Amino acid sequence: MAVFRVFLSWTAQALLVLLFLVFIAFLGYCLYIKYIHMKYDHIPGPPRNSFFFGHSPTFLRIMKNGGNIHDQFLEWSETYGAVYRINALHFVLIGTTCPATTKEILMSPKYPKDKFLYKRLFSLFGQRFLGNGLVTALDHEQWYKQRRIMDPAFSSLYLRGLMGTFNETAEKLMSKLSEIADEKTEAKMLKLVNCVTLDVITKVAFGVDLELLKNNNDSLFPKAIETCLKGMVHYVRDNLFEFNPKNRPFINEVKEACHLLRTTGAQWIQERKTAMQNGDDVPKDILTQIIKTAGKEESMTKEDEELMLDNFVTFFIAGQETTANQLAFCIMELARHPDILEKVKKEVDDVIGMKHDITYDDLGKLIYLTQVLKETLRIYPTAPGTSRDVHEDLIIDGIRIPAGFTCFLSSYVTGRMDKFFKDPLTFDPDRFHPDAPKPYFCYYPFALGPRSCLGQNFAQMEAKVVMAKLLQRFDFTLIPGQTFGILDTATLRPDGGVVCLVKHRNHTQ
């Protein structure tokens, strides 16, 4: 019994010591948060919801209510000026709309991507997601090696060779819309353009025909991408989400969706590599180009192989989702503005006429359509913002910001501010007329500088081909009673789905 009492005494003492250490650690963390507050509280910003969680409860409330978190950033920018502060635990996020600061941070490689955010995108709930691919790589040398491998596959010369695929896949959408027009049924445009952009990226990147429009969307990929995006929002914005037992079924769905994308991509990559090693004829697509270019590297490690896979998962997410959303928003705005719609139709008729295939040279002549697509991305940047870590003191709009913060830059916010664009919520493609003043670092839907989107020319070529064929062949009007809200699912998409009635155009008029 004496030994037992001694054991209990030691256990109690150890527990007391542990509790004391926990208390000291907790007190130390509290003091550190207080120090961070004192360090940055001279910067204007909204009142914190709580000492510990800062402004996080505001974001969680917006998410819970299905709102758009970027509207909150816009409100704060208009209330507090060109620079404002956001707190969450010991993290400090500085939002800015200052064009000079935007230029300084995005155009220079010395400001790395936000470590907290992009490390969270490495995996979702423990399942590798974007890994260390082009979007998420934090190390400059690691990113530069990948970019060097990828660049030839997105060169102007190579993209010209993709016009056939763009035309062929867009034609499948035209056939589907023709059926819908003949049957006088509703066209759910967001869903249809999602199928088109996913068909394009799988065909161009992997040489695989999913035929989503023919197969009545009978594919796991669109659902997997949507599930990953939803999971990404919760994983990044709510640190406690995975610890709630009620969320376990959804978390398992997200992990399965990530697994599906990666295992399928790995299978396609390996099949292509084997075919190339055997001397078989292979498509001259992006996958072949990347494998050939990667083979020129002095060494390819297992991690390099994983990086290749990371980038194809990135293509699935970024190369498909964002372009589809841009197309849907564009259709929505054109249907709401008949005068603009008629003007862009006339340009398409003048440039394309009744031609079946659109050429690369035709795209350069579609000047007003280009303006329409740019204006769509001004109001609805489907990838609304980016963030960088700043490890040195900065002065933004006359306010000194001590080093050690993350800077958030939002093209959504600046695109909707009157000080940059007069009547910002008015859809006006003439803002991007060739003779109009160029926006000065307040319009960057594809980011800017060395880490700007590699696929932006690819995406806009694809969008032009799809829109030109749609405008050439069909009239479309929105079904009455739709909402025009924005759904925030990491990317931005039309909440109403852009449901239209479509009719064959009468070119005899």
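Filtering the stretch 281-313 to residues that are closer than 18 Å to L162 by Cβ, of a type outside the set (A, V, I, L, M) and either in a helix (DSSP H, G or I) or modelled with pLDDT under 75 (or both) leaves K284, D285, T288, Q289, K292, T293, N311, F312.
If you filter the stretch 141-160 down to residues that are at pLDDT below 85 and charged (D, E, K, R), you find that the one that is farthest from K110 (Cα to Cα) is D151.
Among the residues making up the stretch 81-99, those that are farther than 16 Å from F420 by Cα and either touching a residue at least 40 places away in the same chain (Cβ under 8 Å) or of a type in the set (D, E, K, R) (or both) are Y84, R85, I86, N87, L89, H90, F91, V92, L93, I94, G95. Taking the conditions (1) within 27 Å of D418 (Cα to Cα); (2) surrounded by fewer than 17 Cβ atoms within 10 Å (Cβ to Cβ) in turn, F26 satisfies each one other than (1). Residues in the stretch 373-390 include at least one that is charged (D, E, K, R), outside any helix (DSSP H, G or I), in contact (Cβ under 8 Å) with a residue 12 or more places away in the chain and farther than 28 Å from L198 by Cα. When I395 is tested against the conditions (1) in a strand (DSSP E or B); (2) in contact (Cβ under 8 Å) with a residue 40 or more places away in the chain, the lone failure is (2).
State yes or no: is R431 buried (at least 21 other Cβ atoms within 10 Å of the Cβ), among the basic types (K, R) and touching a helix residue (DSSP H, G or I) at 6+ places or on another chain (Cβ under 7 Å)? So R431 fails the test. Taken together, the residues in the stretch 448-460 that are of a type in the set (A, V, I, L, M) and surrounded by fewer than 20 Cβ atoms within 10 Å (Cβ to Cβ) amount to 1.
Please work out if K176 is within 23 Å of T264 (Cα to Cα) and assigned to a helix (DSSP H, G or I). No, not satisfied.
Does any residue of the stretch 314-337 turn out to be surrounded by fewer than 16 Cβ atoms within 10 Å (Cβ to Cβ) and out of contact with any Cys (no Cβ under 7 Å at 6 or more places or on another chain)? Talk me through it step by step, then tell me what you get.
First, the residues of the stretch 314-337 that are surrounded by fewer than 16 Cβ atoms within 10 Å (Cβ to Cβ): 336.
With the extra rule that they be out of contact with any Cys (no Cβ under 7 Å at 6 or more places or on another chain), the set shrinks to 336.
Yes: the stretch 314-337 contains one or more residues that are surrounded by fewer than 16 Cβ atoms within 10 Å (Cβ to Cβ) and out of contact with any Cys (no Cβ under 7 Å at 6 or more places or on another chain).
Please verify whether E141 is within 17 Å of N311 (Cβ to Cβ) and either in contact with a Pro (Cβ under 9 Å, 6 or more places away or on another chain) or without any contact (Cβ under 8 Å) to a residue 60 or more places away in the chain (or both), treating the condition exactly as stated. Spelling it out, E141 is indeed within 17 Å of N311 (Cβ to Cβ) and either in contact with a Pro (Cβ under 9 Å, 6 or more places away or on another chain) or without any contact (Cβ under 8 Å) to a residue 60 or more places away in the chain (or both).
Residue count for the stretch 29-88 satisfying the condition of being of a type in the set (F, W, Y), under 17 Å from A403 (Cα atoms) and either more than 27 Å from the chain's Cα centre (by Cα) or surrounded by fewer than 19 Cβ atoms within 10 Å (Cβ to Cβ) (or both): 3. Hey, any hits in the stretch 446-465 for a residue that's without any contact (Cβ under 8 Å) to a residue 24 or more places away in the chain and β-branched (V, I, T)? The answer is no, given that none of the residues of the stretch 446-465 is without any contact (Cβ under 8 Å) to a residue 24 or more places away in the chain and β-branched (V, I, T). When you go through (1) over 24 Å from the mean Cα position of the chain (by Cα); (2) hydroxyl-bearing (S, T, Y); (3) under 30 Å from D430 (Cα atoms) one by one for T370, which number turns out not to apply? Tallying (1) over 24 Å from the mean Cα position of the chain (by Cα); (2) hydroxyl-bearing (S, T, Y); (3) under 30 Å from D430 (Cα atoms), T370 fails exactly one: (1).
For the stretch 83-112, a tally of residues being in contact with a strand residue (DSSP E or B) (Cβ under 6 Å, 6 or more places away or on another chain) and closer than 23 Å to G449 by Cα returns 11.
Please state which one of L173, L198, L159 is within 26 Å of D361 (Cα to Cα) and touching a Pro at 6+ places or on another chain (Cβ under 7 Å).
The unique qualifying residue is L198.
Hey, can you tell me all the residues within the stretch 57-80 that are among the polar types (S, T, N, Q) and in contact (Cβ under 8 Å) with a residue 60 or more places away in the chain? Of everything in the stretch 57-80, those that are among the polar types (S, T, N, Q) and in contact (Cβ under 8 Å) with a residue 60 or more places away in the chain turn out to be N68, S77. In the stretch 105-134, how many residues are in a loop (DSSP other than H, G, I, E, B) and among the aromatic types (F, W, Y)? Final tally of qualifying residues: 4. Every condition in (1) within 30 Å of P46 (Cβ to Cβ); (2) in contact with a Phe, Trp or Tyr (Cβ under 9 Å, 6 or more places away or on another chain); (3) in a loop (DSSP other than H, G, I, E, B); (4) in contact (Cβ under 8 Å) with a residue 40 or more places away in the chain is met by T102 except one, and the failing one is (3).
State whether the residues of the stretch 242-260 include one that is among the basic types (K, R), part of a loop (DSSP other than H, G, I, E, B) and surrounded by fewer than 17 Cβ atoms within 10 Å (Cβ to Cβ). Taking every residue of the stretch 242-260 in turn, none turns out to be among the basic types (K, R), part of a loop (DSSP other than H, G, I, E, B) and surrounded by fewer than 17 Cβ atoms within 10 Å (Cβ to Cβ). Checking the stretch 177-186 against the condition returns no match, with no residue being in contact with a helix residue (DSSP H, G or I) (Cβ under 7 Å, 6 or more places away or on another chain) and either surrounded by 21 or more Cβ atoms within 10 Å (Cβ to Cβ) or among the aliphatic types (A, V, I, L, M) (or both). If the condition is being touching a residue at least 12 places away in the same chain (Cβ under 8 Å) and of a type outside the set (F, W, Y), then the stretch 357-372 contributes D357, I358, T359, D362, L363, K365, L366, I367, L369, T370, Q371, V372. Mind checking whether some residue in the stretch 468-482 is among the small types (G, A, S), surrounded by fewer than 19 Cβ atoms within 10 Å (Cβ to Cβ) and under 30 Å from S108 (Cβ atoms)? Taking every residue of the stretch 468-482 in turn, none turns out to be among the small types (G, A, S), surrounded by fewer than 19 Cβ atoms within 10 Å (Cβ to Cβ) and under 30 Å from S108 (Cβ atoms).
The values are calculated or read from the model by the stated rules, or taken from the named source; none is laboratory data. What you see is a predicted model; the values in this text were computed from it and never measured. Here Cβ is always computed from backbone atoms with ideal geometry, including for glycine, and neighbour counts include all displayed protein chains.
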